Amino acid sequence: MYNGKEIIYILIASIFLAFAITLIDTWNLFLYALVSVFIVLFVNSLAKKIAGYFFESEVEVKLWEFRRYGFRKSQSTKMAFPAGLLTPLFSKIILWPLNGFVWMASMVFDVKPKSWRVAKRHGYYSFSEMTEDHIGYIAAFGIFINLAMALVGYLIGFPLFSRINIWFAFFNMIPISDLDGNKIFFGKLALWNVLAVLTLLALAYSFFLV
């Protein structure tokens with residue numbers, strides 16, 4: 001279900017995020033954060049792949065990056081900016097007083113219909129495209145799984161793991177660029193509203209009650 005490149009992307013993102021969260025305060029804390037982030041990214045990606053399977057499509061995860069900085073095609077850089085790796089480090093400076101709260105959105109995904117996802121019209125076969133609704137549901141399933149893991153982490157006594165899941169869900173729900181929140185927002189606005197409320201409630205809980 002995963003290819004080698006995807007595992008490498010998840011591992012690299014996990015290292016950068018764990019470093020941003022802890023700044024290697026202690027090696028034990030860093031390793032705890034590293035394992036927690038890896039599980040968060042891995043399970044989130046797995047949930048999307050499972051959801052994609054039910055929509056007869058293949059989901060491939062990759063690092064969040066962008067080239068374009070304007071509306072025109074010419075307004076783009078020659079090399080992609082690795083936003084998923086550098087934004088967490090930059091955000092650490094701004095969000096320093098919030099005890100490890102850093103930008104967590106580091107991975108995005110592409111969806112490709114499987115070869116048998118076809119429709120026959122007038123005697124001809126043509127591939128049926130993935131709709132924005134479908135892509136929104138796939139992204140939403142990943143967010144939902146993270147919120148569920150946050151609850152489980154809290155109940156079994158792993159508050160940092162719970163926080164990381166909540167922070168990951170919160171930042172990924174922001175409807176910008178190619179993040180999950182953008183896919184859900186334009187795919188199913190009502191679903192985005194529900195998940196946004198749940199994520200904000202969980203975020204407040206993570207700061208004041210966890």
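The values are calculated or read from the model by the stated rules, or taken from the named source; none is laboratory data. These numbers come from a predicted model, not from an experiment. Cβ sites come from the backbone with ideal geometry, for glycine too, and all protein chains shown count toward neighbours. Note: accessible area is taken over every heavy atom of the protein model, side chains too, but ligands, DNA and RNA are not part of it. Shrake-Rupley method; radii C 1.70, N 1.55, O 1.52, S 1.80 Å.
Determine ³J(HN,Hα), in whole Hz, for all residues of region 7-17 in sequence, where each value follows from phi through the Karplus function 6.51 cos²θ - 1.76 cosθ + 1.60 and θ = phi - 60°; x replaces Gly and Pro.
My calculation for region 7-17 gives 4, 5, 4, 5, 5, 4, 4, 4, 5, 5, 5 Hz in order.
In the structure shown, do any of K49/K92; K5/K49; K92/K188; K48/K92 have a Cα-Cα gap over 24 Å, and if so which?
Numbers: K49/K92 30 Å; K5/K49 15 Å; K92/K188 32 Å; K48/K92 28 Å.
Result: K49/K92; K92/K188; K48/K92 exceed 24 Å.
So, by mean Cβ neighbours within 10 angstrom, what's the order for 98-105, 143-150, 23-30 with the highest one leading? Spell out each step's value before the answer.
On the way: 98-105: 20.0, 143-150: 22.1, 23-30: 12.1.
Ranking, from highest mean packing down: 143-150, 98-105, 23-30.
What does the highest-first list of 32-39, 5-12 look like by mean Cβ count within 10 Å? All intermediate terms of the calculation are to be shown ahead of the outcome.
Working: 32-39: 19.8, 5-12: 16.2.
Going by the mean number of other Cβ atoms within 10 Å, highest first, we get 32-39, 5-12.
So how far, in whole Å, is the C-alpha centre of region 1-37 from the one of region 134-210?
Value for the Cα centre distance between the two parts: 19 Å.
Sort W96, W167 by heavy-atom solvent-accessible area, probe 1.4 angstrom, most to least. If you can, show how the numbers build up before the last one.
Working: W96 155, W167 5 Å².
The ordering from most to least exposed comes out as W96, W167.
Suppose all protein chains stay in the model; what accessible area per residue would a 1.4 Å probe give for the chain, in Å²? Before the final figure, lay out the partial values.
Values: 11820 Å² over 210 residues.
With the other protein chains kept in place, the chain gives 56 Å² per residue.
If I model a spin label as a point 7 Å beyond the Cα along the Cα-Cβ vector, how far apart are those points for V152 and A204 in nm?
Those two pseudo-labels are separated by 2.7 nm.
Take every DSSP beta bridge with both residues inside the chain and express the antiparallel ones as a percent of the total, to the nearest 5.
Percent antiparallel among DSSP bridges in the chain is about 100.
Suppose every Lys and Arg Cβ carries +1 and every Asp and Glu Cβ carries -1, with no other charges. What dipole size does the chain come out with about its Cα centre, to the nearest 20 debye?
Working: 18 positive and 12 negative charges, 115 e Å.
Value, rounded to 20: 560 debye.
Ignoring ligands, DNA and RNA, what percent of the accessible area of the chain is carbon or sulfur (1.4 Å)? Working shown, then result.
Details: 8150 of 11820 Å².
With neighbouring chains kept in place, the figure for the chain is 69 percent.
Let me know the Rg and Dmax you get for the chain when you use only its Cα atoms, in Å.
In order Rg, Dmax, the Cα atoms of the chain give 18.0, 66 Å.
Determine ³J(HN,Hα), in whole Hz, for all residues of region 44-56 in sequence, where each value follows from phi through the Karplus function 6.51 cos²θ - 1.76 cosθ + 1.60 and θ = phi - 60°; x replaces Gly and Pro.
4, 5, 5, 4, 5, 5, 5, 4, x, 4, 6, 9, 6
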